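The values are calculated or read from the model by the stated rules, or taken from the named source; none is laboratory data. If you're wondering where the values come from, they're calculated on a predicted model, not measured in any experiment. Positions of Cβ are generated from backbone atoms using ideal geometry, with glycine treated the same way; all protein chains shown enter the neighbour counts.
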Amino acid sequence: MAVELQRLGYTALCALDISDGMLNEAKKKNVYKKFICAALTDQEIPEIQTGEFDALICGGAMFKGHIHSSALTEMVRIVKTCKSALGIMRVFSSRHLYLLYAASLSTMSRKSIIH
């Protein structure tokens, strides 16, 4: 994804992964400006400021055993408010998992975390 984004003109790309090994693979692509080794959970990631990113793209991570729906709060926190899109790329493999994320988004909307 990052290689294609760079080809389209996006240059301030950041890689976030819980695995040092995956970040080392990402470094080989020579497209990322920043590398963060952390889990994406409901806890704030200290290396990322609120509203630091224009957009967020998750590739192959939004399924059971990886990023839990509670992480949506942190995902919204790190993306600029009212200026950007929160893009989650995933074909949901089960209706149950889709409902978990839909319920989390609905709760966040009611609490005015997202609009």
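List pairs: first in the stretch 76-87 and modelled with pLDDT under 60, second part of a helix (DSSP H, G or I) and surrounded by 13 or more Cβ atoms within 10 Å (Cβ to Cβ), Cβ under 9 Å, 6+ apart or cross-chain?
Short answer, once both residue conditions are applied: L86/L72; L86/M75; L86/V76.
Just a yes or no: is a residue in the stretch 28-36 loosely packed, with under 12 Cβ neighbours inside 10 Å, modelled with pLDDT of 85 or more and touching a strand residue (DSSP E or B) at 6+ places or on another chain (Cβ under 9 Å)?
So in the stretch 28-36, the residues loosely packed, with under 12 Cβ neighbours inside 10 Å come out as 28, 30, 33.
Narrowing further to those that are modelled with pLDDT of 85 or more: 28, 30, 33.
Keeping just the survivors that are touching a strand residue (DSSP E or B) at 6+ places or on another chain (Cβ under 9 Å) gives 33.
Checked against the condition, which is being loosely packed, with under 12 Cβ neighbours inside 10 Å, modelled with pLDDT of 85 or more and touching a strand residue (DSSP E or B) at 6+ places or on another chain (Cβ under 9 Å), the stretch 28-36 yields at least one hit.
List pairs: first residue in the stretch 23-35 and touching a residue at least 12 places away in the same chain (Cβ under 8 Å), second residue of a type in the set (S, T, N, Q) anywhere in the structure, Cβ distance under 8 angstrom, at least six positions apart or on different chains.
From the stretch 23-35, the pairs are V31/Q6; K33/T11.
Kindly evaluate T41 against the criterion of being at pLDDT 75 or above, farther than 27 Å from G9 by Cβ and not in a helix (DSSP H, G or I).
On the way: at pLDDT 75 or above: yes; farther than 27 Å from G9 by Cβ: yes; not in a helix (DSSP H, G or I): yes.
Against the criterion (at pLDDT 75 or above, farther than 27 Å from G9 by Cβ and not in a helix (DSSP H, G or I)), T41 qualifies.
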